[in-house]
1. For the stretch 30-108, please list each of the helices (runs of 4 or more DSSP H) lying entirely inside it that holds at least 2 residues being under 30 Å from D136 (Cα atoms).
2. Being under 17 Å from A250 (Cα atoms) and under 20 Å from the mean Cα position of the chain (by Cα), is that true of even one residue in the stretch 121-138?
3. If V270 passes every condition in (1) touching a residue at least 40 places away in the same chain (Cβ under 8 Å); (2) surrounded by 23 or more Cβ atoms within 10 Å (Cβ to Cβ); (3) touching a Ser or Thr at 6+ places or on another chain (Cβ under 8 Å) but one, which one does it miss?
4. Confirm whether V47 is under 30 Å from S24 (Cα atoms) and either in contact with a strand residue (DSSP E or B) (Cβ under 8 Å, 6 or more places away or on another chain) or basic (K, R) (or both).
5. Take the residues in the stretch 20-36 that are under 21 Å from V265 (Cα atoms) and either more than 25 Å from the chain's Cα centre (by Cα) or aromatic (F, W, Y) (or both), then tell me which one is surrounded by the fewest Cβ atoms within 10 Å (Cβ to Cβ).
6. Over 23 Å from the mean Cα position of the chain (by Cα), buried (at least 16 other Cβ atoms within 10 Å of the Cβ) and aliphatic (A, V, I, L, M): does that describe I189?
7. Does any residue of the stretch 78-97 turn out to be within 23 Å of D231 (Cβ to Cβ), of a type in the set (S, T, N, Q) and either at pLDDT below 95 or over 19 Å from the mean Cα position of the chain (by Cα) (or both)?
8. Somewhere in the stretch 82-97, is a residue farther than 27 Å from G245 by Cβ and touching a strand residue (DSSP E or B) at 6+ places or on another chain (Cβ under 8 Å)?
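The values are calculated or read from the model by the stated rules, or taken from the named source; none is laboratory data. Since the structure is predicted, the reported quantities are computational estimates derived from the model, not experimental observations. Counting neighbours? That spans all protein chains shown, and the Cβs are built from the backbone with ideal geometry, glycine included.
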Amino acid sequence: MRLVIQGQPVLPEQLAHISSLTGSSARRISANAYCFAAAQPDPETAVWCESQQLDCACVPDTQNLDTIGLVVMDMDSTLIAIECIDEIADMYGLKPQVAAITESAMHGEIEFAESLRRRVALLEGLDESALQRVYDERLRLNPGAEFMLGELKKHGIKTLLVSGGFTFFTDRLKARVGLDYAQSNTLEIVDGKLTGKVLGKILDAQGKADALNRLREELGLRKEQVVAIGDGANDLKMMGVAGAGIAYHAKPVVRAQATYALNHVGLEGVIHLFSNKAGM
């Protein structure tokens with residue numbers, strides 16, 4: 001295994017301390033990422049790194065960019081920096097009410113499908129132009145997203161965006177950043193207005209896991225070749241059926257169950273976790 005350390009930045013004195021803990025010297029992956037060979041999981045190192053605002057992970061040497069075949073990611077607060085439904089609600093003066101339900105669902109306090117129905121119902125009568133305004137004015141990729149996607153493409157790794165959000169956004173993101181696949185929910189719109197309903201079966205936590213498994217089988221991949229990235233309780237099932245689940249700036253319940261957690265760096269950290277080359 002290798003110990004991967006990432007931060008903004010990683011200081012020389014921090015590397016020296018980790019070397020003393022691990023008995024191994026640092027190999028530079030990038031300006032803000034280093035790895036230590038032949039490392040083993042160590043609670044003392046993990047606690048110290050968190051106190052220093054460093055992300056650390058022990059990664060099997062067999063798990064790298066050459067062996068991964070599929071990366072599946074959540075959209076809201078994972079690939080992008082916003083919760084789309086909260087920003088739609090803001091156009092209607094309802095952001096506090098909707099955001100409170102979103103937060104509760106992400107902590108796992110409300111079943112996702114029910115939370116989505118309740119949030120969408122509050123949007124009844126909103127003009128569909130609000131969706132385009134959110135996309136144009138507020139939707140931003142999270143730091144490191146473009147680097148991550150570019151490196152995945154270079155290595156021939158397929159990408160799936162699977163979201164409890166809406167096709168209006170996932171379809172546009174798929175085209176914009178060159179994702180291979182995207183699945184999400186569809187808002188009902190009649191006469192240019194949101195009806196407050198979602199069409200068809202809601203894509204919930206189990207739906208995300210099922211989408212991952214279907215595509216994995218279609219691509220002929222083993223579980224070990226799949227990585228899933230998410231931030232909320234609704235992502236736990238898909239992370240559980242992947243070979244590795246990454247909690248990205250996630251809720252505590254997700255960090256506790258993930259294989260790896262990125263709390264301090266951007267999405268470039270996904271690539272650094274699995275890099276098997278120095279000096280990217």
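1. Numbers: elements: 43-51, 84-90, 95-106.
Helices (runs of 4 or more DSSP H) meeting the threshold: 84-90, 95-106.
2. Narrowing the stretch 121-138 to residues under 17 Å from A250 (Cα atoms): none.
Looking for residues that are under 17 Å from A250 (Cα atoms) and under 20 Å from the mean Cα position of the chain (by Cα), one finds none in the stretch 121-138, hence no.
3. For V270, the failing item is (3).
4. On the way: under 30 Å from S24 (Cα atoms): yes; either in contact with a strand residue (DSSP E or B) (Cβ under 8 Å, 6 or more places away or on another chain) or basic (K, R) (or both): no.
No.
5. Top of the filtered list is R27.
6. Numbers: over 23 Å from the mean Cα position of the chain (by Cα): yes; buried (at least 16 other Cβ atoms within 10 Å of the Cβ): yes; aliphatic (A, V, I, L, M): yes.
Considered against the rule, which asks whether it is over 23 Å from the mean Cα position of the chain (by Cα), buried (at least 16 other Cβ atoms within 10 Å of the Cβ) and aliphatic (A, V, I, L, M), I189 comes out as yes.
7. Looking for residues that are within 23 Å of D231 (Cβ to Cβ), of a type in the set (S, T, N, Q) and either at pLDDT below 95 or over 19 Å from the mean Cα position of the chain (by Cα) (or both), one finds at least one in the stretch 78-97, hence yes.
8. Going through the stretch 82-97, the residues farther than 27 Å from G245 by Cβ turn out to be 88-97.
Those still in the list that are touching a strand residue (DSSP E or B) at 6+ places or on another chain (Cβ under 8 Å) too: none.
No; the residues of the stretch 82-97 include none that is farther than 27 Å from G245 by Cβ and touching a strand residue (DSSP E or B) at 6+ places or on another chain (Cβ under 8 Å).
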